[in-house]
Amino acid sequence: MPCKLAAGNWKMNGLRADLDEMRALIAAHPDPDCRMLICPPATLLAPMADLAQGSRLLVGGQDCHTAKRGAHTGDLSADMLADAGARHVILGHSERRADHRESSDLVSAKARAAREAGLTAIICVGETEAQRDAGTTLEVVLGQLRESVPDGANAGNTVIAYEPVWAIGTGRTPTLEQIAEVHDALRAAVPDAEMSLLYGGSVKPGNAADIFALANVDGALVGGASLKASDFGAIIAALDAA
Ligand code: PGA
């Protein structure tokens, strides 16, 4: 069975005062059935990992460089993330593909670096609204999967997140049929059938249970709703119940 994972992506949000939300989350969900992960900005990685010690909360990074170290001002290596307490790293998020022109080849190289550092890579794929309107969703998503997932990826070192670009931060979600169509296609295409498949894009307490009831959805990558312990906690409870 693929592992169930509720992953939060804080993006460029969060100051030290916001760690209180994680204290509240840990207190409310001391022993969830699913894995519970928050990927805070790099500035909060070590303090969040410290406060998560002894709890079920996992922490992760939002990106890493392909190299282990060197002259790359402003970048972080996978080893540095692991050293700060990360267990996972989000790679190829559509905001990085757009803002930093990251290609699938680069994402694949980053995923190899993450694996060498012992991190699980959460590799994101997803179509734009124009691509969906043009009827190319499956072609785009499966193409990104093929090119972004390195050889040797398996359920132990890789998670796939399907995030339609037009659903991220917009409050709009695909229909359940649209999510199921992509997740069924991903399940058939991933190199290891046990790989966890997350849905991401405007997941909220109000829609999580319906999304988690779909056969090939093993969890969620949650942006806005992961910033508040009460909202993320409700999503964790929905995943536990699924
Ligand atoms: P959202 O973001 O939940 O705020 O739509 C999801 C993501 O980008 O990972």
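Values quoted throughout were computed directly from the atomic coordinates according to the rules given, and no laboratory measurement underlies them. Since the model is a prediction, treat every value here as computed from it, not as a measurement. Neighbour counts run over all protein chains shown; Cβ positions are idealised from the backbone, glycine included.
Find the all-direction average of the projected area of the Cα convex hull for segment 1-159, expressing the result in square nanometres with one decimal place.
Details: hull surface 41.4 nm².
Taking the Cα atoms of segment 1-159, their convex hull projects to 10.4 nm² on average.
Just report the Cα centroid separation between segment 154-202 and segment 1-49, whole Å.
20 Å
Percentage of Cα-Cα pair distances in segment 72-181 greater than 22 Å, rounded to whole percent? List each step's numbers first, then the result.
Numbers: 2072 of 5995 pairs.
Result: 35 percent of Cα pairs exceed 22 Å.
Relative contact order, percent, of segment 1-157 when contacts are C-alpha pairs under 8 Å separated by at least 6 residues?
On the way: 246 pairs, mean separation 27.9, N = 157.
Contact order relative to length: 18 percent.
Read phi for every residue in segment 84-99 and hand back ³J(HN,Hα) as whole Hz from Karplus 6.51 cos²θ - 1.76 cosθ + 1.60, θ = phi - 60°, with x for Gly and Pro.
7, x, 6, 10, 10, 8, 6, 10, x, 4, 4, 5, 6, 4, 7, 5
Just how large is the dipole of the chain about the Cα centre, in debye to the nearest 20, putting +1 at every Lys and Arg Cβ and -1 at every Asp and Glu Cβ?
On the way: 21 positive and 31 negative charges, 97 e Å.
Taking the Cα centre of the chain as origin, the dipole is about 460 debye.
Regarding segment 170-230, what's the average projected area of the Cα-atom convex hull, expressed in nm²? Please report the intermediate quantities before stating the final value.
Details: hull surface 17.6 nm².
That works out to 4.4 nm², a quarter of the Cα hull's surface.
If R₀ is 25 angstrom, what is the calculated FRET efficiency for the pair Asp192 and Asp240, using the beta carbon separation as r and rounding to 0.05?
Details: r = 24 Å, r/R0 = 0.96.
Efficiency at R0 = 25 Å is approximately 0.55.
Setting aside same-chain residues fewer than 8 positions from Lys204, which lysines have a Cα under 30 Å from its Cα?
By straight Cα distance, Lys204 reaches Lys4, Lys11, Lys110, Lys228.
What number, rounded to the nearest 500 deg cm²/dmol, is the helix-based mean residue ellipticity at 222 nm of the chain, given -39500 (n - 2.57) per DSSP H run of at least four residues and division by all its residues? All intermediate terms of the calculation are to be shown ahead of the outcome.
Values: 10 runs with 98 residues, N = 242.
So the calculated ellipticity at 222 nm is -12000 deg cm²/dmol.
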